[in-house]
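Below is one structure, written out as structure tokens; the observations come after it.
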Amino acid sequence: MEAKRTPVRRTTINLLIDGAMFLAFLVATAPHLSGLAIHEWLSLALGVALITHLLLHWNWIVQVARRFFGKASWTARLNYLLNSLLFIAFSTIIVTGIMISEVALPFIGISFARDAFWLGLHRMASDATIVILGLHIALHWNWLVNTTRRLFARSTRKAGTSVATQPVVAASRSQERTS
């Protein structure tokens, strides 16, 4: 019984972390609405979440890297390339964000001279990240929908409501095996 629960918990954790990262990114991309302080602190937290995300998926990263030019499927290769671009873009955002920080880093006693180059690169990387993230979400759309449905169906069953969700759960399990 415990063996069946572990993948579900991991999937739930992945979905929650990914969802939190996506929401944090959406808020961080609008500093004119959230304010500069929230933008900077949230972005630093997003960097920590990104590292957590990479650690949770480290085995997949290593496996696909080893098989990239060999037996990897085209979707795995595309996913790997998009994830690599996303990592580069996010890393650029983080580094340039540190270089132009006006609130978070000065608060802890670190400051750099503001430079238009870093600000321009920060904005370019942010724009590129939006596009790459959109492609990443599109590539994973079926997983997102199926996993969300399965989790809501499970919580609905726990609450005692009967829902006809067996085809959704079966389809979701089938997709997990092929990913």
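Structure summary
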quantity	calculated
Selected residue (only one of ILE94, ILE132 is open to solvent by less than 40 Å² (accessible area, probe 1.4 Å), of a type in the set (A, V, I, L, M) and not in a loop (DSSP other than H, G, I, E, B))	ILE132
Considering residues of the range 109-128 that are aliphatic (A, V, I, L, M) and outside any helix (DSSP H, G or I) only, the residue surrounded by the fewest Cβ atoms within 10 Å (Cβ to Cβ)	ALA113
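The values are calculated or read from the model by the stated rules, or taken from the named source; none is laboratory data. All values reported here derive from a predicted model rather than from experimental measurement. We place every Cβ from the backbone using ideal geometry, glycine too, and count neighbours over all the protein chains shown. Note: areas computed on protein heavy atoms with side chains; ligands, DNA, RNA excluded. Shrake-Rupley method; radii C 1.70, N 1.55, O 1.52, S 1.80 Å.
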